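The structure appears below as structure tokens.
The values are calculated or read from the model by the stated rules, or taken from the named source; none is laboratory data. Quick caveat, the model's predicted, so the values are computed rather than measured. Heads up, the Cβs are rebuilt from the backbone with ideal geometry, glycines too, and the neighbour counts pull from every protein chain shown.
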């Protein structure tokens, strides 16, 4: 094997036979060409921390002589500082392997979603919304690694979904954001460090101010239309509805301001017929909401109790899996048609609230009636104000009086 120093040139290197030898460059000390029976390799040689070290730069033909010479100069400088290029290469290979392992450990969107819903106690409606997002709006992302979903992909999908429904586009991105934020803390390495990038790609919608602005519904049944609506409900006849469940349910909604799903699931255990109180569990904030009943609603509940003996629900349904009524949209549509007044179930809650406001009750009384939490933490007064049951019952009766004042109703 040759140990002579020569001026390495391309023509000289090309002329060499594939016979084992090392040709050290006469111009750049430490730079050399190693030849074996298969190929010719550029190398560097130098002592690092007192130990002779040889490191490969690249194969002749894959890199040029000029490239190898520049690379050799850089590596030799590092070696003179005590840095072993072979150790650097081993570390780089280890880093690449660790990165590959990290990528393999990263969850897909579907796997992250399943972990999320198993860890979170989601309400049925929320879970249903999440499943719709995964199966309909983000279906083609389910098998993608969560970390591979980029800001650009988020922007494009949000724009695509917005062409059909701005609200659904926002919901889809909020669902993804929640799953991603959960996954950052859920999927950790051996050192309890996140294996996902910390920055949620949905943040790009904030930076670009790309979230769709959704106008909040403010519709309600105004005072002029209220008598026609009430009379339409009272006149409503539902085939097979001996207990008048649908009619009584709608009246209970507007006379309590309850949300639809909390009113649907009221059990008799939640109705105090002796003292006239009714309790629901607010699906939005999870708080129990107890109200004194107005006289009309109190009597309506007594009437229902007299006729319902085999169900724990105030508004039972033999067709429902839950045992109580759920989303009687068809009934609502029929009443819409009969009186010509379009309304949603939540419009009845807003109607209740607007009537309370018109009767000039204080803000704490209205918050109590609607079970709204105090949002302003600086309002220390809210923690001391207790609205009496007497005051609330008075308000409930006044609200009933305004709603039912022109009704056509016979017991």
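The residues on offer are 279, 252, 204, and the sole one that is surrounded by 14 or more Cβ atoms within 10 Å (Cβ to Cβ), touching a helix residue (DSSP H, G or I) at 6+ places or on another chain (Cβ under 9 Å) and not in a helix (DSSP H, G or I) is 279. Restricting attention to region 293-310 and to residues that are touching a strand residue (DSSP E or B) at 6+ places or on another chain (Cβ under 8 Å) and farther than 17 Å from residue 234 by Cβ, the residue that is modelled with the lowest pLDDT turns out to be 308.
Screening residue 38 on (1) without any contact (Cβ under 8 Å) to a residue 24 or more places away in the chain; (2) farther than 15 Å from residue 77 by Cα; (3) surrounded by 11 or more Cβ atoms within 10 Å (Cβ to Cβ); (4) within 60 Å of the chain's Cα centre (by Cα) shows it passes everything except condition (3).
Against the definition (touching a residue at least 12 places away in the same chain (Cβ under 8 Å), in contact with a strand residue (DSSP E or B) (Cβ under 7 Å, 6 or more places away or on another chain), under 30 Å from residue 134 (Cα atoms) and assigned by TED's automatic domain parsing to the domain that holds residue 147), how does residue 184 come out, yes or no?
For residue 184, the condition - touching a residue at least 12 places away in the same chain (Cβ under 8 Å), in contact with a strand residue (DSSP E or B) (Cβ under 7 Å, 6 or more places away or on another chain), under 30 Å from residue 134 (Cα atoms) and assigned by TED's automatic domain parsing to the domain that holds residue 147 - is met.
Tell me, which residue of region 112-125 that is free of Cβ contacts under 8 Å to residues at least 12 places away in the same chain and not in a loop (DSSP other than H, G, I, E, B) is nearest to residue 135 (Cα to Cα)? Walk me through how you get there before you give the answer.
Step one: filter region 112-125 for residues free of Cβ contacts under 8 Å to residues at least 12 places away in the same chain, giving 114, 118, 121-122, 124.
Narrowing further to those that are not in a loop (DSSP other than H, G, I, E, B): 114, 118, 124.
Working: 114: 13, 118: 17, 124: 16 Å.
Ranking the candidates gives 114 first.
Looking at 337, 368, 330, 319, just one residue is surrounded by fewer than 15 Cβ atoms within 10 Å (Cβ to Cβ) and more than 24 Å from residue 230 (Cα to Cα), and that residue is 319. Quick check: is even one residue across region 240-249 in contact (Cβ under 8 Å) with a residue 60 or more places away in the chain, under 16 Å from residue 336 (Cβ atoms) and more than 23 Å from the chain's Cα centre (by Cα)? Taking every residue of region 240-249 in turn, at least one turns out to be in contact (Cβ under 8 Å) with a residue 60 or more places away in the chain, under 16 Å from residue 336 (Cβ atoms) and more than 23 Å from the chain's Cα centre (by Cα). Of the residues screened, residue 314 is not one that is at pLDDT below 90, within 25 Å of residue 236 (Cβ to Cβ) and either surrounded by fewer than 17 Cβ atoms within 10 Å (Cβ to Cβ) or touching a helix residue (DSSP H, G or I) at 6+ places or on another chain (Cβ under 7 Å) (or both). Residue pairs whose Cβ atoms lie under 6 Å apart, separated by 6 or more positions or on different chains, with the first residue in region 310-327 and free of Cβ contacts under 8 Å to residues at least 24 places away in the same chain and the second buried (at least 17 other Cβ atoms within 10 Å of the Cβ) and part of a strand (DSSP E or B), are 323/313. No other residue among 170, 164 is out of contact with any strand residue (DSSP E or B) (no Cβ under 9 Å at 6 or more places or on another chain) and surrounded by 14 or more Cβ atoms within 10 Å (Cβ to Cβ) apart from 170. Looking only at region 221-239, residues that are within 13 Å of residue 331 (Cβ to Cβ) and part of a loop (DSSP other than H, G, I, E, B) come to 4 in all. Counting only residues that are exposed (fewer than 14 other Cβ atoms within 10 Å of the Cβ), within 21 Å of residue 51 (Cβ to Cβ) and at pLDDT 90 or above, region 84-129 holds 0 of them.
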